[in-house]
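Each remark here refers to the structure printed beneath this line.
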Amino acid sequence: MSYFRTAILLAGLTGLFMGVGYLIGGSGGATIALIVAAGMNLLAYWNSDKAVLSMTGAHEIDERTAPEVFQMVRELSARAALPMPRVYLMDNPQPNAFATGRNPENAAVAVTSGLLQHLSREEVAGVIAHELAHIKNRDTLIMTITATFAGAIAMLAQFGMFFGHNRDSNSGGMGIIGTLAMVILAPLAAMLVQMAISRTREYSADELGAQIVGRPEWLANALRRLEAAAHAIPNEEAERNPATAHMFIVNPLSGARMDNLFSTHPATENRVAALQELARRMGQGGGFDSGFGRTQAQPTPSHGPWGGGARRSGPWG
């Protein structure tokens, strides 16, 4: 997706924010909403990553506390020619992940404990490479700002239900019907903008992530597992903050709420098909050795802190 189109979509979110402010407080409310929107953009640029990480319950890890996943992020970052991002872990049983940060120099990758428990090492590598692709494509700032705006629009629309009838005479006389329409349509429109911003970026990150890790089938297999788990294992933090859903590699919402009538992600089967086509174009092996991360000095243990057993769920496969 071009930066021009993304800018237009973000302008649309700003317009929605101002529209709800207009219904609540007339022209004065719209002006205040514009000022607040400008402040939100500035705040989101500097602090939105911290806000999103806090909302998802993520805590930072390092090479001492989680050496395997930290080393994997380091190695994949080097392959992607990226600075080493901060690494976070969410104590969440649903396998999932996201990236955030205003630029590659101030980026973070967050994975759930469920991701490390349910996926093989190769699949985890594919997921992390996908998130690093978002960082390399500079998607993370746009996606985080979008989450901030969508959440604020939904909250302001609910305020409109209670205070819209008190707007001044310059409000255009839309009355309670207009207010109710905005309460319903504004969050829906914000969700559609999230979808437009997210969907193309997911395909792009899939392709670049597969090239970074060198094996498109690793990411394809991971997407299949993540999709199945997302419907079976709830993500309570994401359910409480659905505006962040588009940031995850797969939609973390279970479908139990109205928010899930529209997905911010492309269909998983379409993403897998695109990765399979990429694997055919790249040829078997995809240009990298299939024994990713293994050296003579680093033997392959049978089990590791990510689990073990016949499904090869240990960190070194």
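Values in this text are rule-based calculations from the coordinates and carry no lab data. Remember, predicted model here, so these are calculated numbers, not experimental data. Every residue, glycine among them, receives a Cβ derived from its backbone with ideal geometry; neighbour counts consider all protein chains shown.
Using a 10 Å cut-off around each Cβ, can you sort I145, I8, I135 from fewest to most neighbouring Cβ atoms? The partial results should precede the final answer.
On the way: I145 21, I8 12, I135 26.
Listing I145, I8, I135 from fewest to most nearby Cβ atoms yields I8, I145, I135.
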Prolate/oblate/rounded label for the range 100-149 (Cα gyration tensor, a/c 1.5): prolate
